[in-house]
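Here the structure comes first, spelled out in structure tokens, and everything after it is commentary.
The values are calculated or read from the model by the stated rules, or taken from the named source; none is laboratory data. Computed from a predicted structure; not experimentally measured. With ideal geometry, Cβ positions are generated from the backbone for all residues, glycine too; neighbour counts draw on all protein chains shown.
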Amino acid sequence: MRLIGKTFICQYSSDTNNFSSIKNSITGDEYIKKDINQSIIELYGISGKNKFKLVPEEAEVLGNEKKLEIKIKKFSNKNILCNLYIEAIEDRIVINADIENLDDSIDITEVLMPHISGIFLGESYKDDIIIYPHHAGEKTINPVIGYGKNKKDFWRASSVKFEDIYRREINYCGLASMSWMYYYDDNNGLYIGSHDERFPVTGIIAETSGLENNPWMGFGFRKYKRITKGEKYSTGDYVIAITDKDWHYGSKIYRNYIGKYLDFDHNPDYLNEQYALNQCYNFKRNGKIENTFDKIPYLYEKGKELGVNHMFLASWNRTGFDSYYPEYYPDMELGSAMEFRRGLEYVRNNGGQSTLYINARIFDVESNFHKTLGEKMAILNENEEMIYETYGPAKFTVNCPSDKLWRDFLLDTAEFTVKAYGCDGIYLDQLASAEPLPCYNKEHSHEDIGDFNNGNIYVLKELLGRLRKHNPNSYIMTENCGDIYGSYTWGNLTWNGAEYDEFYNVFKYTFPEFVQVNMVNPRGWEPDEDKRYKYFFKDMQRAIVLGNILWMGLTTRLTEEAGEIHNYAKKALNFRKNIQGYIKDTTFIDNKYIEYVSSECEAASYRISDDKYVVIAGNYSNIDEAKITISFNKTIKNIEVYDIEWNKEIINVEKNEIDLSIENSRLYCFVINS
């Protein structure tokens, strides 16, 4: 049966219960190039401690060219009903389903839909690109191979071998910061998003054959929801868009959906002046004392000498960093609790602000309280087993944020930290970084297995309210980013960890109001000295071009002893300070009006007004004859040019397009007046 929209003509097959054709009517490209025999929906359920895949049977397809209804009367011989609705609206296919479990032998726990496969774009798969929402975003060219045989093997978030294909699946919200993907080439685009304002734990699936001789991609979402006998469940909307545009269009579709549920203006004005923070993880680590609490004034002043008044403190807790969480009390070997407070008072009394680290996720199994509290707080998997994670030498269980016991303990601990020690902000480590998980612990207070994200929302909202009763200028920071969490946070620490195909522009463009903080220290985990040197300049460039806050180890890796690295960090920091006045009240528009950027260089645009724009550019490798090309739809009058030393030059233009040299400085700021 056909389904026709403004930009597509589809064929839906009752034999496979899925699309057999999705054709872009603008470009004429048939997206489904391989016949993959799988249903658009599949369920998973638990009976006892056994998990079963449930596939549709007895599907009946009804409707017309604008709207289809698929009635499913059984799943794997189980008495489960499903009405699936597929509607063509402009350039979009909107899909949702109503599911009813009438079978007393099984609980449904997962809904995987819409599952579409066999796709690549144009004549070749090799130039296809995927935008994937891991942390602040990734951009991978040729994901058939990049997610297939050339997959990157990381400890989490990687593509894995799954049956006879490769599958990449991470959960929203946190490890996946958004619930959409975009797949495109020079002529075609495919958006696929889960638009569910209930924000359940949702797996974001991109899969591939991984084969050059049989290339294809597939996409889908897995929602975690327990549906017992007699219960009904509506999935919420999924949206597929067929376009001839690049990923920025997909970003706008997603923003239009979720923006109405978010708060983009909730932080005090003084935070708008921030451009860097002095990151101090150098108190106690791995049992070694590096600094004591009486050194806090000294460490603060070292940052202040370079113009950084924001001090971020971790490793201050009992036994130090990544140890004995969640026992967040000042370590006695570092000094007394009062000495700790006096250190933070010094920061505030001398024009600074402080942020304290606590972990929002894990419980050390070596803690004296793990047996009595940690086990009660723990998430249980579908086999009713605790989930363990290891960081360094320490082993932890994962706490459940949607259960009252851990949630209230975390809230009280964070509030006490601000009230007792006098810090300005709290950093909740892992909250928006580590993977959200379904919890099958029936003793917990949450209503459903997929409530993890809503537990975190409750924590953030409640905590921000509590903190601001003590200090109206308080704020919350998190590790990494999640769209629904941004309504309550100021800074999101997006990392420069292992070499994913990181593309922080995705989250930045979708939510320019949400502040990203980027690590710019030399990569201590990189054994190759030449690579470590190169990455330092590259990471600094990315952070500054994107207008992000610099996360700097001013008292550790970037001290005077670092030589050239220290000297460049000082220059880059001063440059970042100078551009803040230009970009702080602008709109980030990514590569708009930038027609060309030399290899290994980067540039991004910011809109100040209809007649004034800023472009920040970087040439971290000092490439000869490097340039960018700017092209406007109206005459450019002049351009103010600032290099890394903030030397100023004015170029009179009086035309629409101009090539701008970026060969003599690693960083440039162009203020464009039209």
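Can Val597 be described as free of Cβ contacts under 8 Å to residues at least 60 places away in the same chain and either out of contact with any Leu (no Cβ under 9 Å at 6 or more places or on another chain) or in the same structural domain as Cys481 (by TED's automatic domain parsing) (or both)?
yes
Can you tell me which residue within the stretch 288-340, out of those that are part of a loop (DSSP other than H, G, I, E, B) and of a type in the set (Val, Ile, Thr), is nearest to the chain's Cα centre (by Cα)?
Ranking the qualifying residues of the stretch 288-340, first place goes to Val308.
How about the stretch 346-417: which strands (runs of 3 or more DSSP E) wholly inside it have at least 1 residues that are at negative phi and hydroxyl-bearing (Ser, Thr, Tyr)?
Output list reads 353-359, 388-391, 394-398.
Which members of the stretch 614-626 meet the condition of being over 13 Å from Ser665 (Cβ atoms), surrounded by fewer than 19 Cβ atoms within 10 Å (Cβ to Cβ) and under 31 Å from the mean Cα position of the chain (by Cα)?
none
Tell me the helices (runs of 4 or more DSSP H) entirely within the stretch 433-548 that contain at least 1 residues that are under 22 Å from Ala604 (Cβ atoms) and outside the structural domain of Thr109 (by TED's automatic domain parsing).
The helices (runs of 4 or more DSSP H) meeting that bar are 505-510, 529-545.
Looking at the stretch 61-75, can you tell me whether even one residue there is under 30 Å from Asn383 (Cβ atoms), aromatic (Phe, Trp, Tyr) and out of contact with any His (no Cβ under 8 Å at 6 or more places or on another chain)?
Yes: one or more hits.
Could you say which residue among Gly352, Gly425, Gly374 is touching a helix residue (DSSP H, G or I) at 6+ places or on another chain (Cβ under 7 Å), at pLDDT 95 or above and of a type in the set (Gly, Ala, Ser)?
Being touching a helix residue (DSSP H, G or I) at 6+ places or on another chain (Cβ under 7 Å), at pLDDT 95 or above and of a type in the set (Gly, Ala, Ser) holds for just one of Gly352, Gly425, Gly374, which is Gly352.
List the residue pairs whose Cβ atoms are under 9 Å apart, where the first residue sits in the stretch 59-87 and is not assigned by TED's automatic domain parsing to the domain that holds Lys229, the second is among the hydrophobic types (A, V, I, L, M, F, W, C) and surrounded by 17 or more Cβ atoms within 10 Å (Cβ to Cβ), and the two are 6 or more positions apart or on different chains.
Filtered contacts from the stretch 59-87: no entries.
Identify the single condition in (1) within 27 Å of Lys584 (Cβ to Cβ); (2) of a type outside the set (Ser, Thr, Tyr); (3) within 18 Å of the chain's Cα centre (by Cα) that Phe536 does not satisfy, given that it satisfies every other one.
(3)
Given the options Tyr427, Tyr475, Tyr440, name the one that is closer than 13 Å to His266 by Cβ and either surrounded by fewer than 21 Cβ atoms within 10 Å (Cβ to Cβ) or over 15 Å from the mean Cα position of the chain (by Cα) (or both).
On inspection, the qualifying residue turns out to be Tyr475.
Take the conditions closer than 27 Å to Ala572 by Cα, in contact (Cβ under 8 Å) with a residue 24 or more places away in the chain and either surrounded by fewer than 16 Cβ atoms within 10 Å (Cβ to Cβ) or under 26 Å from the mean Cα position of the chain (by Cα) (or both) and apply them to Leu277. Does it pass?
Considered against the rule, which asks whether it is closer than 27 Å to Ala572 by Cα, in contact (Cβ under 8 Å) with a residue 24 or more places away in the chain and either surrounded by fewer than 16 Cβ atoms within 10 Å (Cβ to Cβ) or under 26 Å from the mean Cα position of the chain (by Cα) (or both), Leu277 comes out as yes.
Would you mind finding the one in Tyr568, Tyr606 that is in contact with a Ser or Thr (Cβ under 6 Å, 6 or more places away or on another chain) and modelled with pLDDT of 95 or more?
Exactly one of Tyr568, Tyr606 is in contact with a Ser or Thr (Cβ under 6 Å, 6 or more places away or on another chain) and modelled with pLDDT of 95 or more, namely Tyr606.
Could you please give the count of residues in the stretch 462-482 that are of a type in the set (Lys, Arg) and within 26 Å of His135 (Cα to Cα)?
Total satisfying the criteria: 0.
Considering only residues of the stretch 26-46 that are assigned to a loop (DSSP other than H, G, I, E, B) and free of Cβ contacts under 8 Å to residues at least 24 places away in the same chain, which is nearest to Glu69 (Cα to Cα)?
Asn37
So if I check each of Lys461, Lys469, Lys404, which one is free of Cβ contacts under 8 Å to residues at least 12 places away in the same chain and either surrounded by fewer than 21 Cβ atoms within 10 Å (Cβ to Cβ) or within 27 Å of Ile170 (Cα to Cα) (or both)?
Just a single option satisfies the conditions, and that option is Lys469.
For the stretch 72-96, which residues satisfy the criterion of being charged (D, E, K, R), on the phi < 0 side of the Ramachandran plot and not in a strand (DSSP E or B)?
Listed by number, the list holds a single entry, Asp91.
Looking at Tyr500, Tyr458, Tyr504, Tyr485, which is the one that is modelled with pLDDT under 95 and of a type in the set (Phe, Trp, Tyr)?
Tyr500 is the lone residue from the list that is modelled with pLDDT under 95 and of a type in the set (Phe, Trp, Tyr).
Of all residues in the stretch 56-82, count the ones that are in contact with a strand residue (DSSP E or B) (Cβ under 7 Å, 6 or more places away or on another chain) and surrounded by 15 or more Cβ atoms within 10 Å (Cβ to Cβ).
Here the count works out to 15.
Is there a residue in the stretch 265-278 that is part of a loop (DSSP other than H, G, I, E, B), among the hydroxyl-bearing types (Ser, Thr, Tyr) and more than 20 Å from Glu339 (Cα to Cα)?
Yes, the stretch 265-278 contains at least one residue that is part of a loop (DSSP other than H, G, I, E, B), among the hydroxyl-bearing types (Ser, Thr, Tyr) and more than 20 Å from Glu339 (Cα to Cα).
Just the residues that are over 18 Å from Ile22 (Cβ atoms), part of a strand (DSSP E or B) and under 25 Å from the mean Cα position of the chain (by Cα), please, taken from the stretch 97-128.
Once the filter is applied, which keeps residues that are over 18 Å from Ile22 (Cβ atoms), part of a strand (DSSP E or B) and under 25 Å from the mean Cα position of the chain (by Cα), the stretch 97-128 yields Glu110, Val111, Leu112.
Scan the stretch 605-613 and tell me whether some residue there is closer than 28 Å to Arg523 by Cβ, among the hydrophobic types (A, V, I, L, M, F, W, C) and either outside the structural domain of Gly307 (by TED's automatic domain parsing) or surrounded by 15 or more Cβ atoms within 10 Å (Cβ to Cβ) (or both).
Checking the stretch 605-613: not a single residue is closer than 28 Å to Arg523 by Cβ, among the hydrophobic types (A, V, I, L, M, F, W, C) and either outside the structural domain of Gly307 (by TED's automatic domain parsing) or surrounded by 15 or more Cβ atoms within 10 Å (Cβ to Cβ) (or both).
Going by the conditions given, is Met552 of a type in the set (A, V, I, L, M) and modelled with pLDDT under 95?
no
Take the residues of the stretch 553-581 that are surrounded by 20 or more Cβ atoms within 10 Å (Cβ to Cβ) and in a helix (DSSP H, G or I): which is nearest to the chain's Cα centre (by Cα)?
For the stretch 553-581, the residue satisfying everything is Arg576.
What do you reckon, is Lys66 of a type in the set (Lys, Arg) and over 30 Å from Asn187 (Cα atoms)?
no
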